[in-house]
């Protein structure tokens, strides 16, 4: 049985706190980029609780499919289930009491994406070393949409379609997609004996990361407003950090890889703030 290391950053991942931290940070970036004048604290709390709920349920589901009774999620399944129920109820109450009615149109789309993710995760192959890229595509879209909607809903002059076609949403979706797929690829590579296949997977990750970095740099240069540039610089930073991790992931444990992948999405917030303070 694997001994649980008592590094605080690993506990952040084991308790599923990495995903809500990333979502809340990028919600702030979306709000600043889109110049949301009124953005209550309830939006951040509700998003964090919703993402935490989904994250915990996802971790329990994935652990159950693997069937390893020594995994943290199964050992502490009752505790995690109670946390998920509590956070889900709190998020629902906050949403009903504090958000405008227009949010329900967004939430319907978000709920469909989340249900689609769980459906794909349940019915995709669980063969060792096999990656379900469809699952990660849906996960990236759900994560980006759920995060962006909490800022976009406070822009009454814009519609749902404006969110979906925005460059910020598309770039963040791709970043989330790649990060989600990369974490699984790197975890499998750590256990895989097929070095040729592992090299091919790493190469397949390198190309989209390079394209995303190039696109974000172009969008930053073309941005009509100065407030949009830091967002795309953040995307560029996240893609660059994932690229570095793609070359060095074999040095870390599976749990550390998961934590570092989330960190690659957290660091751009620091870049955003540094840029804002330097203006």
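Give me 159, 202, 73 sorted ascending by neighbouring Cβ count inside 10 Å, so fewest comes first.
Working: 159 12, 202 17, 73 21.
The most exposed by this proxy come first: 159, 202, 73.
Quick check on the exposure proxy: order 32, 258 from fewest to most C-beta atoms within 10 angstrom.
Ordered by Cβ neighbours within 10 Å, fewest first: 32, 258.
Is the shape of the chain rounded, prolate or oblate, going by the alpha carbon gyration tensor and its root eigenvalues a ≥ b ≥ c, with a/c under 1.5 for rounded and a/b larger than b/c for prolate? Walk me through the numbers on the way to the answer.
Values: a/c = 1.76, a/b = 1.22, b/c = 1.45.
Here the chain falls in the oblate category.
Normalising by the residue count of the chain, find the relative contact order in percent from Cα pairs under 8 Å and 6+ residues apart.
On the way: 309 pairs, mean separation 60.8, N = 279.
Contact order relative to length: 22 percent.
If each of residue 118 and residue 207 carries a label point 7 Å out from its Cα toward its Cβ, how far apart are those two points in nm?
Rounded to a tenth, the inter-label distance reads 3.5 nm.
Computed from the coordinates by the stated procedures, all read-outs in this text should not be read as laboratory data. Everything numeric in this text was worked out from a predicted model, so none of it was measured. Here Cβ is always computed from backbone atoms with ideal geometry, including for glycine, and neighbour counts include all displayed protein chains.
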